[in-house]
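Here the structure comes first, spelled out in structure tokens, and everything after it is commentary.
The values are calculated or read from the model by the stated rules, or taken from the named source; none is laboratory data. Keep in mind that what you see is a predicted model, and the values were worked out from it rather than measured. Quick reminder, even Gly has a Cβ in these numbers, built from the backbone with ideal geometry, and neighbours come from all protein chains shown. Keep in mind that these areas ignore ligands, DNA and RNA; they rest on the heavy atoms of the full protein, side chains included. Shrake-Rupley method; radii C 1.70, N 1.55, O 1.52, S 1.80 Å.
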Amino acid sequence: MLDIRMFREHADVIRADHDKRGLSHDSIDDVIRLDEEWRKSQYDADQLRRKRNEAARGIAAAKKAGDDATFAQIKAEVDAIASEIEALGIQADSQQAERDLIRMSIPNILHASVPKGEDDGGNTQHSMHGSKPNFDFEPRTHNDLIEANKWVDLPRAAKIAGSRFFFLKGDLARMELALQQYAVDFIASRGYTFVQPPVMMNRQAYEGVTDLEDFESVMYNVQPDGLYTIATSEHPLTAMFMDEVIEPSQLPIKIVGVSPCFRREVGAHGQGDKGIWRVHQFTKIEQIIISHPDESWDFHEELLTNCVELWDSLGIHYEVVNICTGDMGTVAAKKYDLEAWLPAREEYKEIVSCSNCTDYQANRLRMRYRTAEGNSAVHTLNSTAVATSRALVAIMEQNQLADGRVRVPDVLQSYMGDTETLEPCNW
RNA sequence: GCGGACGUCGCAUAGCCUGGUAUCGCGCCGGAUUUGAAAUCCGGUGGUAUUUACCGCGGGAGUUCAAAUCUCUCCGUCCGCGCCA
């Protein structure tokens with residue numbers, strides 16, 4: 001959510017951003033109009049309250065003195081104002097609620113370096129890392145590999161939970177655990193605190209960190225308590241500071257989190273989504289930074305650097321892309337994706353997403369830091385370190401051997417008892 | 001799950017019984033003093049606004065002319081009991 005001061009003082013900035021995104025200005029105009037109406041109602045109501053307070057000032061004395069005539073006169077005066085105040089108050093509340101509902105749907109202001117484009121075709125390459133592996137055989141897709149090696153059981157998962165759930169088995173499951181440990185150690189060694197968050201959140205906190213439409217298409221709602229399972233640990237790890245005023249000396253707060261992530265993936269179907277590429281539940285190691293506004297762009301680059309060095313160390317070939325205006329979504333002001341090379345399909349596909357959300361989440365969550373002039377919103381940043389299901393796909397496809405087994409990246413071998421090659425499962 | 005205590009500005013705390021202007025301290029910010037620092041002194045430190053006003057005492061509702069204060073309810077914390085990986 002954008003600061004209301006942006007609409008009052010710098011509406012031209014929001015308008016320019018909407019032009020960049022190809023959006024109409026209607027919502028901006030609505031917010032500005034409703035804000036003016038709300039302020040008028042609020043001011044009028046405040047003036048009446050003031051009148052009432054002034055009138056009521058003598059009421060205690062009259063009551064104590066037993067002066068019933070004065071008491072009755074003041075009470076009549078106060079009663080007359082009360083109904084007016086109530087009507088104005090209701091009007092003001094509804095104007096403010098409507099204003100903020102629209103304001104919630106208005107996207108963040110994009111950074112100047114975000115390229116213009118209509119969809120993911122407009123994303124631009126930032127950098128290329130590693131090189132395409134050479135195979136003296138026809139490389140197989142990860143779906144072939146998991147089936148041939150019996151590393152993943154999709155049919156039985158579908159039987160007990162539904163499609164897009166999976167059992168992870170044998171050496172591939174061991175490598176998944178190794179990836180978690182390795183990634184956590186890698187990021188924690190750079191001064192990030194390891195945190196394991198709750199995997200369910202209430203609606204109020206969740207609205208602070210995500211697009212409202214996600215409640216219908218992305219999140220599982222758990223009854224009877226009405227909690228939502230998290231779609232990423234970014235959500236609890238950012239919302240953790242909701243309603244807080246942070247001392248500037250505490251900033252930046254750097255976190256590496258790990259959690260299962262749950263996504264309904266409504267409407268997702270297609271050849272590219274087979275196997276474990278797009279699933280309802282996966283594990284993700286996430287980087288989070290809560291920072292002073294002046295530092296967030298430097299930290300955005302730091303998060304990307306962490307990703308690049310982590311994925312380089314795994315020996316994976318990938319490119320970094322700068323996400324364009326049309327592919328950005330509501331919350332982020334700038335986003336880099338890492339896209340790994342999948343040799344069988346000859347495509348680069350998203351494995352990491354690295355965002356600076358500036359003050360957008362912080363405004364909704366009322367996360368502030370103390371300044372001399374008053375409290376002001378912090379900036380929030382998040383970046384995948386490793387989403388293990390997709391990391392497994394990239395490693396399997398790039399490290400596959402002619403017989404279908406898979407070479408374990410060097411840095412992971414010590415995390416799984418010096419295992420060098422993933423062996424098939426026998427059931 | 002049962003019983004009890006409690007929730008007050010960043011932290012800590014008074015006010016609650018007996019309804020009538022949000023208290024003291026710490027921390028933080030600014031200023032004075034100082035070569036600099038510490039110490040000391042002064043001022044400021046919840047939100048909103050058409051800037052001196054209005055709203056705020058965990059959330060919501062109720063009683064009342066008036067609620068931090070009384071009642072109900074929900075949420076949370078702590079203690080004891082029960083259950084439990």
field: All positions within segment A:226-246 that are in contact (Cβ under 8 Å) with a residue 40 or more places away in the chain, within 15 Å of RNA strand B (Cβ to nearest atom) and not aliphatic (A, V, I, L, M)
entry: A:Phe241, A:Asp243, A:Glu244
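Yes/no matrix, rows are residues, columns are (1) of a type outside the set (S, T, N, Q); (2) within 12 Å of A:Glu286 (Cβ to Cβ); (3) under 14 Å from the mean Cα position of the chain (by Cα):
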{"site": "A:Leu177", "(1), (2), (3)": "yes, no, no"}
{"site": "A:Ala183", "(1), (2), (3)": "yes, yes, no"}
{"site": "A:Gln196", "(1), (2), (3)": "no, yes, no"}
{"site": "A:Met201", "(1), (2), (3)": "yes, no, yes"}
{"site": "A:Gln204", "(1), (2), (3)": "no, no, no"}
{"site": "A:Glu216", "(1), (2), (3)": "yes, no, no"}
{"site": "A:Asn221", "(1), (2), (3)": "no, no, no"}
{"site": "A:Thr238", "(1), (2), (3)": "no, yes, yes"}
{"site": "A:Ile253", "(1), (2), (3)": "yes, no, no"}
- request: Taking A:Ile253 as the residue in question, decide whether it is within 16 Å of RNA strand B (Cβ to nearest atom), in contact with a Pro (Cβ under 9 Å, 6 or more places away or on another chain) and at pLDDT 85 or above.
  value: no
message: Could you tell me how many of the residues in segment A:62-79 are surrounded by 12 or more Cβ atoms within 10 Å (Cβ to Cβ), in a helix (DSSP H, G or I) and more than 7 Å from RNA strand B (Cβ to nearest atom)?
response: 6
message: So, in segment A:269-308, exactly how many residues are surrounded by fewer than 15 Cβ atoms within 10 Å (Cβ to Cβ), under 25 Å from A:Trp341 (Cα atoms) and either without any contact (Cβ under 8 Å) to a residue 60 or more places away in the chain or not assigned by TED's automatic domain parsing to the domain that holds A:Tyr336 (or both)?
response: 6
- prompt: For segment A:377-388, does any single residue satisfy the condition of being open to solvent by 10 Å² or more (accessible area, probe 1.4 Å), within 16 Å of RNA strand B (Cβ to nearest atom) and at negative phi?
  reply: yes
- line: Of the conditions (1) more than 30 Å from A:Ile246 (Cβ to Cβ); (2) open to solvent by 20 Å² or more (accessible area, probe 1.4 Å); (3) small (Gly, Ala, Ser); (4) in contact with an Asp or Glu (Cβ under 9 Å, 6 or more places away or on another chain), the single one that A:Gly417 does not satisfy is (4)
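If I ask for residues that are open to solvent by 50 Å² or more (accessible area, probe 1.4 Å) and touching a residue at least 12 places away in the same chain (Cβ under 8 Å), which ones from segment A:145-160 would you list?
Answer for segment A:145-160, where residues must be open to solvent by 50 Å² or more (accessible area, probe 1.4 Å) and touching a residue at least 12 places away in the same chain (Cβ under 8 Å): A:Ala148, A:Lys150, A:Leu154.
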query: In segment A:117-144, what count of residues is obtained for those that are within 21 Å of A:Ala402 (Cα to Cα) and of a type outside the set (S, T, N, Q)?
result: 10
field: Subset of segment A:345-376 that is within 16 Å of RNA strand B (Cβ to nearest atom) and polar (S, T, N, Q) - its residue that is most open to solvent (accessible area, probe 1.4 Å)
entry: A:Asn375
message: Of the residues A:Ser105, A:Ser41, only one is closer than 30 Å to A:Tyr360 by Cβ and more than 10 Å from RNA strand B (Cβ to nearest atom); which?
response: A:Ser105
message: Anything in segment A:1-38 that is within 12 Å of RNA strand B (Cβ to nearest atom) and either assigned to a loop (DSSP other than H, G, I, E, B) or surrounded by fewer than 15 Cβ atoms within 10 Å (Cβ to Cβ) (or both)? List them, or say none.
response: A:Asp3, A:Arg5, A:Arg8, A:Glu9, A:Glu36
message: Looking for something under 19 Å from A:Met416 (Cβ atoms), part of a helix (DSSP H, G or I), of a type in the set (A, V, I, L, M) and without any contact (Cβ under 8 Å) to a residue 24 or more places away in the chain - is there at least one such residue anywhere in segment A:174-189?
response: no
message: Kindly evaluate A:Gln250 against the criterion of being surrounded by fewer than 21 Cβ atoms within 10 Å (Cβ to Cβ), in the same structural domain as A:Phe299 (by TED's automatic domain parsing) and within 21 Å of A:Ser376 (Cα to Cα).
response: yes
- prompt: So which pairs qualify, if the first residue must be in segment A:40-59 and on the phi > 0 side of the Ramachandran plot and open to solvent by less than 80 Å² (accessible area, probe 1.4 Å), the second must be more than 6 Å from RNA strand B (Cβ to nearest atom) and aromatic (Phe, Trp, Tyr), the Cβ gap must be under 9 Å, and the two must be at least 6 apart or on different chains?
  reply: none
- prompt: Quick one: is A:Trp277 among the hydrophobic types (A, V, I, L, M, F, W, C) and under 30 Å from A:Asp243 (Cβ atoms)?
  reply: no
- request: Go through the residues of segment A:143-156 one by one and say whether even a single one is on the phi > 0 side of the Ramachandran plot and not assigned by TED's automatic domain parsing to the domain that holds A:Asp30.
  value: yes
